[in-house]
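Input: a single structure, listed below in structure tokens.
The values are calculated or read from the model by the stated rules, or taken from the named source; none is laboratory data. Not measured: the values here are computed from a predicted model. Backbone-built Cβ (ideal geometry, glycine too); neighbour counts: all protein chains shown.
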Amino acid sequence: MPEFILEIGSVEHQRTFNALDGFTRGYIEALFFTDEEQLCDDSDGAREMPSVVFNMATMESRFEGGNSFGFSDLAADTLESIIRDCESFQRDNAALLDSAYERDNYDSEQAGRDYWYTRNGHGCGYWDRAQLENDSDEYESLTAEMVAASKSGDNAAWNAACAKRSALKDQSLGEQLSKAARACGGRDSYVGSDGKVYL
């Protein structure tokens, strides 16, 4: 699948974006990745959906032309709000995030993306990351019990193992972070009359 590349804008915008912590950069990338179609809906006077250019050598895609939205289109007060929101979530969930970052192939930018995805009800997020699942021996053993019970047709054993495994999953990093993100409520993006993106 082609990689989404967020349009940043001028050199000054690039410096501002690069100065943000990884979590906040990931959050902003996810905002534009998931809301590009909504932001470009021309039914209410916004810009038309841009065409996509795909580079086979790098396996990356970019929106073509000046009719897409990117970092430089964020309203200044929206960027400030995003920064405060991301700082607050990271501060309030520091222990969980530190544990997540100790897992293989999980970093602060992915955590920021997952914060946006989870709090806005997208089809992926903290709860969906294999890196954040409970990786205990007990969890694996319960999974094996479920498979064995399914093969033997023992519904009572399958239900018992499933209930125990579900309780363990509720304790996983992914579920704990998901609960924290959902508690923050969703955010909707829109284009103001000034052509800037707001939340």
For Y190, the lone unmet condition from (1) in contact with a helix residue (DSSP H, G or I) (Cβ under 8 Å, 6 or more places away or on another chain); (2) within 20 Å of F89 (Cα to Cα) is (2)
Considering the stretch 85-119 alone, what residues qualify as being at pLDDT below 95 and out of contact with any helix residue (DSSP H, G or I) (no Cβ under 7 Å at 6 or more places or on another chain)?
E102
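Which of the residues that make up the stretch 161-191 are more than 27 Å from Y101 (Cβ to Cβ) and in a helix (DSSP H, G or I)?
Start the filter on the stretch 161-191 by keeping residues that are more than 27 Å from Y101 (Cβ to Cβ), which leaves 161-164, 188-191.
Residues satisfying the conditions are A161, C162, A163, K164.
Looking at S193, S166, S141 in this structure, which one is modelled with pLDDT under 90, under 28 Å from the mean Cα position of the chain (by Cα) and not assigned by TED's automatic domain parsing to the domain that holds S88?
On the way: S193 fails: not assigned by TED's automatic domain parsing to the domain that holds S88; S141 fails: under 28 Å from the mean Cα position of the chain (by Cα).
S166 is the lone residue from the list that is modelled with pLDDT under 90, under 28 Å from the mean Cα position of the chain (by Cα) and not assigned by TED's automatic domain parsing to the domain that holds S88.
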Meets criteria (of a type in the set (S, T, N, Q) and in contact (Cβ under 8 Å) with a residue 40 or more places away in the chain) for Q176
yes
For G185, indicate whether it is modelled with pLDDT under 90 and at positive phi.
no
Across (1) surrounded by 11 or more Cβ atoms within 10 Å (Cβ to Cβ); (2) of a type in the set (D, E); (3) modelled with pLDDT under 95, D42 clears everything bar (1)
Looking only at helices (runs of 4 or more DSSP H) that fall completely inside the stretch 65-160, which ones have 3 or more residues that are within 28 Å of E7 (Cβ to Cβ)?
76-92, 108-119
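Which members of the stretch 114-153 meet the condition of being touching a residue at least 60 places away in the same chain (Cβ under 8 Å) and out of contact with any Cys (no Cβ under 9 Å at 6 or more places or on another chain)?
We begin by selecting, within the stretch 114-153, every residue touching a residue at least 60 places away in the same chain (Cβ under 8 Å); these are 114-122.
Across the stretch 114-153, the qualifying residues are W116, N120, G121, H122.
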